[in-house]
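FYI, it's all coordinate maths here, none of it is from the lab. Note that this is a predicted model, so its numbers are computed, not measured. So basically every Cβ, Gly included, is an ideal-geometry build from the backbone, and we count neighbours across all protein chains shown.
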Amino acid sequence: MTMLRDGAKKSIWQETMSNYTPVNTWLKDTIYDVLIVGGGITGLTTALLLQSEGKKCILAEAVSIGFGTTGGTTAHLNTFFDTPYNKIEKDFSPDDAKLLAKGGKDAIDLIEGLVSKYNINCDFAYKPGYLFAEDDKQAKELEDIYNATVRAEIGVAWSEDIPVDIPFKKALKFGFQAQIHPTAYIYGLAKAFEEAGGVILQNCLVNSVEYNQHLSADTSLGKIMASYAVYATHIPPGLNILHMRCAPYRSYVMAFTTADGRYPDALIYDMQDPYHYIRTHTVGEDNYLVVGGLDHKTGHEQNTDYVFSELEAYARKYFNIAEVKWQWSSQYYIPADGLPYIGVMPGHDNIYTGTGYNGNGMIFGSLAAKIFCQLITQGESIYEKLFNPNRIKPIAGFENFVKENADVVSQFIGKHFNRDKIKELVDLAPGEATVAKWDGNKVALYKNESGHVYAVDPVCPHAGCIVAWNGAEKSWDCPCHGGRYAPNGALLTGPACKGLTQIKWEDIEGD
C-alpha cells in the first residue's frame, strides 16, 4: 500500500514508499522513560537519540509514520533560514544569531551522522544554495542578509551567476547546504529505533496526558505510562499559549520532468513574497525538477487548485517543462518572533514540545530532537534559552502576534457568531464543497465524485473557529490554528484531538 499522507494529492516521496510496519511489541504494563508523540522527523529523531542514550522509549503516531508535514516537505537542509540573520541580530542579539547558525550546522551534521551510522539510503547529498534578488529593494535587503550571515560565521559569498535562467540583480551562494529523501530518511530512523529496542505504535491517537506518580497518556489504544513526554506533533494538541504564538501556513510543491533535460544541481530561492524555491531530485534513474512556494495562511485561499496553476505557470516561464508528475501541499507554523519554540511546554515540568519551525522543519525538527535529548539526559542545552517556549519577546514578536491573532478574533466574531453571512444551502457539483446555512445552523457539505454528500458541523473542536474547504487537498482546514479534517470530518492533523461532528442527512432534512 502506498504511503499515506494528510492530503488527497501525492508527493514525490510517497511514490516508492509503502506504509511502515512496526515490529516490536508494546508491553502495556511497562512504565517507559519517554513517550514521544508524533512520527515525523522530530519524533523519530528524538526517539532514536534517547533510545541510544539508554532511555526506554515508546513512540505514538496518530496515523502512520510520515503522515504529516515530513511526508510533504521538500527536504531542503539549510544553514540560513526563513528568518534571516540580520533580523535575528536586530530582534535578539548578534550572539543569538551566531548560536542559531551553529544550530543549523549541528542539525545537518546530526542528519549526516545518522545517515552514515545507520546506513540509511535516503539520497543525502551536499548542494550549493543560492538566494537571489530581482530588484533594487531586494538587492539592498540581500546586502543586509550577507553582512549578518558573515557575522554569524556561515560560509557565504557573492555569486556572478545562478543555475537557472531567471534575471537577477544580485545573488548569494551558500556552501554546505544539503538535501535528502525525507520519508526514506525517517523510515531509516524508525528501523534503527526499533532495532535499539524502541516501540512504535501507529494508529495511536493521544487524547490527553495527565500526571499522577507518572505521566499517563490516554490514547486510542489504551493508557501509556512514562516519566517524560515529548509532543513532536508540529504544534502541541489542546489549548495552549503556543497556539497564540504560531500561525499555520500552507506551501505548494510540484515535481516536473523537463523536455531539455535541464535540472539545476543546487538549492535555489528567490526573494519574492511569497517566495519560490527550486531543487532537483532523482528517483531511480529519473530526474525531477521540484518547484515550491506561493505560501498562504491556512484556510485563507478559496481556490487552492488555482495556486497550483500559478506555480506551474512560474515553472513554465523559466523551464522547458515536459510533464507535471506530482503536485502536493503541506503545512507549517510561523512563530511570532521568528524563532521556533523548543523545550519545556508552558505550564508543565516534564512535557516537552517543538513548534514554529517556519519553512525550515527538517533542520529545526532535527535540532529539536538534539535539544530534547540533552534536556532529558543532561538537564541542560546551550540552545535552551534561545528557543525556550516560555520566552517573552514583546519587541520582536508583538507586531506579528497582533497581526496573526487578529485573524483568530475575526474568525470568532465574523463567522462563529454572525450566521447571516452564510449563504443558503446550494446544490453542489461533484467534487465541490461549501459551508452553508440551514434553519439558522451552519453545515459543511461536500459531494464526492460519485455524488455522495458528506455533512459535518463546520465548528473546529479545537477552539470553535469555522473551517474552510481546501479543494486541492480535499480537506476542511481551520484558519485559526491549523486543524485539518477529511471530507467526512475525520481528524487529519491537530491541534484538535477529535474530528468534526458528522451530521446525518435526516438531521438536516427532517426525515
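Sort LEU428, LEU27 by Cβ crowding within 10 Å, fewest neighbours at the top. Let's see the in-between values first.
Values: LEU428 16, LEU27 9.
Ordered from fewest to most neighbouring Cβ atoms within 10 Å, LEU428, LEU27 come out as LEU27, LEU428.
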| query | Along the positive direction of the dipole of segment 1-159 (beta-carbon charges: Lys, Arg +1; Asp, Glu -1; about the Cα centre), which of PRO94, THR21, GLY68 reaches farthest? | reply | THR21
| query | segment 443-498 to segment 78-128: how many Å between their Cα centroids? | reply | 35
| FRET efficiency for ASN19 and ASP349, using Cβ-Cβ distance with R0 set to 41 Å, rounded to 0.05 | 0.70
| message | Which lysines, if any, have their Cα less than 27 Å from the Cα of LYS173, not counting same-chain residues under 8 positions apart? | response | LYS87, LYS90, LYS98, LYS102, LYS105, LYS127, LYS137, LYS140, LYS317
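In what sequence, highest mean first, do 176-187, 249-260, 112-123, 64-75 appear when ranked by Cβ atoms within 10 angstrom?
Numbers: 176-187: 23.6, 249-260: 20.1, 112-123: 15.0, 64-75: 26.5.
Ranked by mean Cβ neighbours within 10 Å, highest first: 64-75, 176-187, 249-260, 112-123.
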| said: Can you list residues from other chains, or at least 5 along the same chain, whose modelled amide H is less than 5 Å from the amide H of LYS325? | reply: ALA255, PHE256, THR257
| query | Out of residues 5 or more away from VAL283 or on other chains, whose amide H comes under 5 Å of its own, with H placed 1.01 Å from N in the peptide plane? | reply | TYR288
| request: Only Lys, Arg, Asp and Glu count, each charged at its Cβ (+1, +1, -1, -1), so figure out the dipole size of the chain about its Cα centre, rounded to 20 debye. | output: 600
| query | Mind listing P(r) for the chain? All alpha-carbon pairs, 20 Å bins, whole percents. | reply | 23, 57, 20, 0
| note | Residue separation between GLN502 and LEU221 times 0.36 nm, minus their alpha-carbon distance, gives in nm 98.9 nm
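Can you put VAL435, VAL37, VAL156 in order of Cβ neighbours within 10 angstrom, beginning with the fewest?
Working: VAL435 18, VAL37 27, VAL156 22.
Ranked by crowding around the Cβ, least crowded first: VAL435, VAL156, VAL37.
So for each of 480-490, 210-220 I average, over its residues, the number of other beta carbons within 10 Å; can you give me the resulting order with the highest mean first?
Working: 480-490: 23.2, 210-220: 14.5.
So the peptides 480-490, 210-220, ranked by packing, come out 480-490, 210-220.
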| task | Going by C-beta contacts inside 10 Å, put GLU160, GLU323 in order with the fewest on the left. | result | GLU160, GLU323
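Go ahead and estimate [θ] at 222 nm for the chain from helices alone: -39,500 (n - 2.57) per DSSP H run with n ≥ 4, summed, over the residue count, rounded to 500.
Details: 9 runs with 129 residues, N = 511.
Helix contribution divided over all residues of the chain: -8000 deg cm²/dmol.
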